[in-house]
Amino acid sequence: MATTVKDPHVATTPPPVKNGFSFLTSRLRQIGIFVALIAIVTLFQVLTGGALLQPDNVSNIIVQNSYILLLAIGMVMIIVAGHIDLSVGSVAAFVGAMSGIMVQDWSFPWWAAFLASLVIGGLVGAWQGFWVAYVGIPAFIVTLAGMLVFRGLTQIVLENQRITGFPEEYRQLGGGFLFPGLFPAETNLLDWTTVGLGVIAVALLVATQLRGRATRARLKLEDEPASWFFTKLGFIAAIILGLTYLLASSRSGTPIVLVVLGVLIVGYSAVMSNSVFGRHIYAVGGNLQAAQLSGINTKRIDFMLFVNMGVLAALAGLIFTGRLNSAGPGAGNLFELDAIAAAFIGGAAVTGGVGTVIGAITGGLIMGVLNNGMSLLGVGIDYQQFIKGMVLLLAVGFDVFNKRRASNALK
């Protein structure tokens with residue numbers, strides 16, 4: 001009986017594109033987090049009588065949670081690689097304290113203090129990355145030690161005192177707005193700077209998504225049905241435009257920290273999705289031994305991830321310090337838990353190898369909306385902690401359920 005040998009030079013037919021419903025079902029895990037965010041926003045909008053989505057409150061939610069969202073970006077990358085970082089809150093506090101000392105006691109210009117603080121954050125990350133990557137101590141232990149070390153250093157350098165009275169330029173990063181007063185309310189219905197930024201963001205989103213789909217189609221890698229692709233794109237564009245309208249209506253304009261966040265989200269999403277470094281992170285977290293056998297320098301990946309986390313923690317510390325206009329020994333308390341919760345709620349897998357920047361940001365927004373909505377309703381901090389803990393538990397339980405369902409489907 002003759003055996004047919006497939007010619008390797010003949011292109012294989014790509015798998016048929018699923019219809020919209022079956023594709024939606026297969027992506028339930030990724031879509032569920034966005035559905036949860038919409039449901040929570042809708043619930044609190046009703047319960048608060050419309051107060052949640054008031055323009056000023058939306059701006060307040062973004063500014064209040066900006067440092068947690070920043071930390072969530074770095075945290076999800078570390079979790080994807082199979083590690084954890086418990087020290088980010090203490091590192092943020094330490095860098096904020098050092099920046100305060102540089103500005104107040106050493107008479108540094110605000111911009112020099114910013115740059116020096118980011119360098120300090122990078123050095124802290126390199127210190128912890130060295131122990132994890134090259135000595136081989138588990139990240140849980142190294143960063144637990146770091147949480148204690150840098151909290152202690154914060155108290156030492158501040159002598160358990162609070163530093164206040166930072167320059168106006170310093171405070172702008174944490175609580176400032178782009179071109180305030182350029183479009184006064186008495187002559188303009190909206191802040192047109194914010195409107196322009198929103199329209200540009202939507203245009204860039206549509207252009208990049210269409211170009212990416214065209215590239216995948218040309219390479220015969222596209223498996224997303226057109227109906228779902230355009231529905232998803234339209235939905236995301238509508239959310240951006242809606243947020244733009246609310247911020248433009250607040251008359252304060254666009255928070256500077258939102259622009260910083262937007263740039264970082266786009267940049268880190270591109271790194272994780274389209275770069276060799278990003279693919280190596282997923283490979284390390286998915287199967288460490290296979291990654292090592294394939295020639296990936298896993299130690300360098302781990303080291304760079306902690307350096308990156310240190311820099312982002314430093315930036316979060318600067319934003320938090322600037323927003324409060326003070327640096328204190330208790331700053332950054334529980335930041336690490338909020339960042340970890342944001343990553344896991346956003347779909348990161350406990351075992352590593354799975355997670356996205358957008359998912360972590362969405363998880364952070366869920367935590368932020370929960371905090372803000374419950375505060376508007378007058379819910380006590382004790383009940384807030386209980387509810388947030390249950391949300392985290394359910395999110396991880398949903399991840400485990402999905403993995404079991406997928407495993408059973410393959411049997």
Exercise. Yes or no: GLY196 crowded, with 16+ Cβ neighbours inside 10 Å, small (Gly, Ala, Ser) and on the phi < 0 side of the Ramachandran plot?
Worked result: no
Seminar exercise, completed: All conditions in (1) assigned to a loop (DSSP other than H, G, I, E, B); (2) in contact with an Asp or Glu (Cβ under 7 Å, 6 or more places away or on another chain) are true of GLY49 except (2)
Exercise. When you look at VAL284, is it crowded, with 24+ Cβ neighbours inside 10 Å, of a type in the set (A, V, I, L, M) and either over 29 Å from ILE239 (Cβ atoms) or assigned by TED's automatic domain parsing to the domain that holds ALA201 (or both), yes or no?
Worked result: yes
For this session: Would you check if there is a residue in the range 188-206 being in contact with an Asp or Glu (Cβ under 8 Å, 6 or more places away or on another chain) and not assigned by TED's automatic domain parsing to the domain that holds PHE108?
Result: no
Seminar exercise, completed: Counted residues in the range 59-107 being on the phi > 0 side of the Ramachandran plot and without any contact (Cβ under 8 Å) to a residue 12 or more places away in the chain come to 1
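Yes or no, residue by residue, for (1) surrounded by fewer than 16 Cβ atoms within 10 Å (Cβ to Cβ); (2) of a type in the set (S, T, N, Q):
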residue: TRP131; (1), (2): no, no
residue: PRO138; (1), (2): yes, no
residue: ALA145; (1), (2): yes, no
residue: GLY152; (1), (2): yes, no
residue: LEU158; (1), (2): no, no
residue: GLN161; (1), (2): yes, yes
Problem set entry | From ARG216, ARG211, residue being surrounded by fewer than 12 Cβ atoms within 10 Å (Cβ to Cβ), more than 30 Å from GLY100 (Cα to Cα) and charged (D, E, K, R) | ARG211
Seminar exercise, completed: For the range 251-280, the count of residues that are farther than 30 Å from GLY181 by Cβ and in contact with a Leu (Cβ under 7 Å, 6 or more places away or on another chain) equals 0
Problem set entry | Neighbours by Cβ (under 9 Å, 6+ apart or cross-chain): first from the range 318-333, part of a strand (DSSP E or B); second at pLDDT 90 or above and acidic (Asp, Glu) | none
Problem set entry | Condition met for GLY352 (farther than 30 Å from TYR170 by Cα, in the same structural domain as GLN161 (by TED's automatic domain parsing), out of contact with any helix residue (DSSP H, G or I) (no Cβ under 9 Å at 6 or more places or on another chain) and not in a helix (DSSP H, G or I)) | no
Seminar exercise, completed: In the range 83-128, anything of a type outside the set (Ser, Thr, Tyr) and part of a loop (DSSP other than H, G, I, E, B) is listed as HIS83, ILE84, ASP85, LEU86, ASP105, TRP106, PHE108, PRO109
For this session: Restrict the check to the range 383-390 and report whether at least one residue is over 19 Å from THR48 (Cα atoms) and at pLDDT below 85.
Result: no
Exercise. With respect to ALA139, is the statement that it is within 15 Å of SER87 (Cα to Cα) and touching a His at 6+ places or on another chain (Cβ under 9 Å) true?
Worked result: yes
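The values are calculated or read from the model by the stated rules, or taken from the named source; none is laboratory data. Everything numeric in this text was worked out from a predicted model, so none of it was measured. Every residue, glycine among them, receives a Cβ derived from its backbone with ideal geometry; neighbour counts consider all protein chains shown.
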